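Please read the structure below before turning to the comments.
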């Protein structure tokens with residue numbers, strides 16, 4: 001008998017899917033703790049496995065970049081970093097030479113030890129990486145045993161995938177045409193599977209309390225990525241309602257895509273700048289293809305990752321210049337290097353920190369590595385130099401600003417770079433704007449004072465939400481609390497926009513909230529000047545802007561900010 005009662009989870013990617021369930025059972029390597037006869041031979045197998053795993057992960061990263069973009073593909077950088085981690089590799093070596101274990105058993109023991117270390121840390125970021133480590137360990141064991149990347153049951157028809165969890169490598173290797181939707185028992189809205197699902201454009205629900213059972217294979221179900229529900233064996237009425245919602249979702253998406261290159265203008269004639277978050281040249285091309293009017297967040301870290309030394313000024317000029325040329329005179333807002341304990345780069349010798357998100361990162365590195373930022377300022381300014389056949393609207397911003405001193409030191413370095421280039425007779429973008437990211441509550445609370453020192457603000461709502469609510473957005477246990485719709489976050493956004501406008505400056509927003517169509521009326525009503533988002537979100541956001549008048553949005557924003565809870569705000573905006 002049909003039971004339409006939905007199983008509640010957390011919304012992870014929008015859309016509605018209707019189809020048979022496909023239960024994913026992980027194909028884990030089972031290892032016997034056998035003693036090795038020749039430790040040297042076992043170590044050679046491990047070294048070969050490491051190299052093979054590195055090649056596979058590079059291929060997966062490239063596959064992910066082609067399918068969903070560079071930002072999502074960066075997930076595989078974390079996996080590659082384990083293969084470069086001297087402490088992890090040393091633990092494997094000890095298991096082989098000291099404990100005389102086979103290659104497979106040595107990896108298994110090392111993964112268990114290292115994962116235990118990660119899980120013992122207070123910082124949820126490192127605790128979450130234990131799952132990445134397990135995925136890498138399975139790959140190493142398969143390759144050491146000659147099993148390649150591992151055989152798994154093939155997905156051969158369009159289905160809703162249900163799993164306890166999915167690793168990034170599992171998710172990205174499914175054939176897109178067979179993935180109707182994804183539902184996992186673990187994870188949060190910012191988990192790997194959520195990020196990849198949004199990039200793939202498939203509905204997803206995470207943290208759903210589904211009981212995995214082989215008898216569910218092939219059973220019809222409805223997955224709703226908007227409400228975060230999975231309905232197994234729905235009745236006819238439920239299926240009909242879901243078909244209506246799915247048709248509307250697909251129609252809306254197609255219509256938005258067809259006019260993606262047209263400007264976003266409200267019903268009462270207010271034009272809104274809609275730009276993209278990018279991480280490299282391929283993202284810049286995707287942004288242009290999706291109708292972006294420029295770039296609101298250029299993450300420059302791509303040039304500093306996965307290499308043995310700092311990029312030279314010339315290397316940076318070439319990379320930044322390629323992106324500027326793709327934009328062909330459209331605004332390019334470049335964020336200075338935001339790297340630190342949470343994005344380890346071996347050649348920078350960054351010490352381990354128990355809480356890297358609150359540690360020595362981003363602009364805070366100025367106190368010891370001024371050279372990195374001076375070189376980057378010079379490279380960005382030189383890359384933006386205009387010629388008779390090349391125009392560039394360059395804007396540079398500092399990340400993770402929390403004090404006036406950081407702005408003053410950053411601006412002094414920015415102006416020093418300009419003075420050096422001028423003295424050397426080198427052409428550079430002399431009209432470049434200087435701004436900051438507003439990602440921590442102190443910056444929003446001090447926005448009136450900060451606004452007099454900068455040309456613009458860009459609000460990073462992902463971190464602003466995390467720091468305001470004291471919630472690790474990667475922790476599934478508290479992920480539901482990490483909502484930018486919390487009234488406290490919305491009020492900080494309002495304070496920042498108001499402060500910018502009082503000083504005649506513009507304010508953008510480049511967190512995930514900027515690409516959420518549900519938030520568009522509130523942000524419009526607050527007077528946001530620039531919406532920046534993943535390239536794939538641009539068509540839908542533009543469509544949402546066109547459906548409203550800015551006058552009406554002012555009242556919507558006023559009402560939303562008067563509410564007391566996240567749930568009240570979301571319910572109000574969803575009507």
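Estimate the FRET efficiency between residue 554 and residue 227 by the formula 1/(1 + (r/R0)^6), using the beta-carbon distance for r and 35 Å for R0, to the nearest 0.05.
The formula returns an efficiency of 0.80 here.
By counting other Cβ atoms within 10 Å of each Cβ, how are 261, 24 ranked from fewest to most?
The most exposed by this proxy come first: 261, 24.
What FRET efficiency comes out for the pair residue 211/residue 470, r = Cβ-Cβ distance, R0 = 25 Å, nearest 0.05?
Calculated value: 0.15.
Shape verdict for the stretch 469-575, please, from the Cα gyration tensor: rounded (a/c under 1.5), prolate (a/b greater than b/c) or oblate.
rounded
What distance in nm separates the two pseudo spin-label positions at residue 367 and residue 99, each 7 Å out from Cα along the beta-carbon direction?
Here the answer is 4.0 nm between the modelled labels.
Over the stretch 268-574, what is the percentage of antiparallel beta bridges among all DSSP beta bridges, to the nearest 5?
5 percent
What ranking, highest mean first, results for peptides 562-569, 501-508 when packing means the other Cβ atoms within 10 Å averaged over each residue?
Packing proxy ranking, top to bottom: 501-508, 562-569.
Contour minus end-to-end for residue 313 and residue 452, with contour as 0.36 nm per residue of separation and end-to-end as the Cα-Cα distance?
Difference between extended and current length: 47.0 nm.
Ordered by packing density, taken as the mean number of other Cβ atoms within 10 Å over each peptide's residues, highest first, how do 398-406, 251-259 rank?
398-406, 251-259
Using the basic label-point model (7 angstrom from Cα toward the beta carbon), what is the residue 426 to residue 40 distance in nanometres?
Once both label points are built, they end up 5.1 nm from each other.
Which peptide among 158-164, 465-471 comes first, and what is the full order, when sorted by highest mean count of other Cβ atoms within 10 Å?
Sorting 158-164, 465-471 by mean packing, highest first, produces 158-164, 465-471.
How much of the DSSP bridge set in the chain is antiparallel, in percent, rounded to the nearest 5?
35 percent
Quick check: pseudo-label points 7 Å beyond the Cα along Cα→Cβ at residue 328 and residue 113, how many nm apart are they?
5.7 nm
Mind checking the full-extension length gain between residue 503 and residue 156? Use 0.36 nm per residue of separation minus the Cα-Cα distance, one decimal, nm.
Length difference between fully extended and current span is 119.1 nm.
State the extension gain, in nm to one decimal, for the chain segment bounded by residue 481 and residue 445, taking 0.36 nm per residue of separation less the distance between their alpha-carbons.
Between residue 481 and residue 445, full extension yields an extra 10.8 nm.
Of [x] 25.3, 76; [y] 24.6, 81; [z] 27.4, 94, which is the value of Rg and Dmax of the Cα atoms in Å derived from the coordinates here?
[y]
Can you show me the helix-derived [θ] at 222 nm for the chain, built from DSSP H runs with n ≥ 4 at -39,500 (n - 2.57) apiece and divided by the number of residues, rounded to the nearest 500.
-14500 deg cm²/dmol
Express the relative contact order of the chain as a whole percentage, based on alpha carbon pairs under 8 Å and six or more residues apart in sequence.
Reported relative contact order: 15 percent.
If you take the beta carbon distance between residue 177 and residue 267 as r and set R0 to 35 Å, what does 1/(1 + (r/R0)^6) give as a FRET efficiency, to the nearest 0.05?
Efficiency, rounded to the nearest 0.05: 0.40.
No value in this document is a laboratory result; all are computed from the given coordinates. Nothing here was measured: the structure is a model prediction, and the numbers come from that model. All Cβ positions, even for glycine, are placed from backbone atoms using ideal geometry, and neighbour counts span all protein chains on display.
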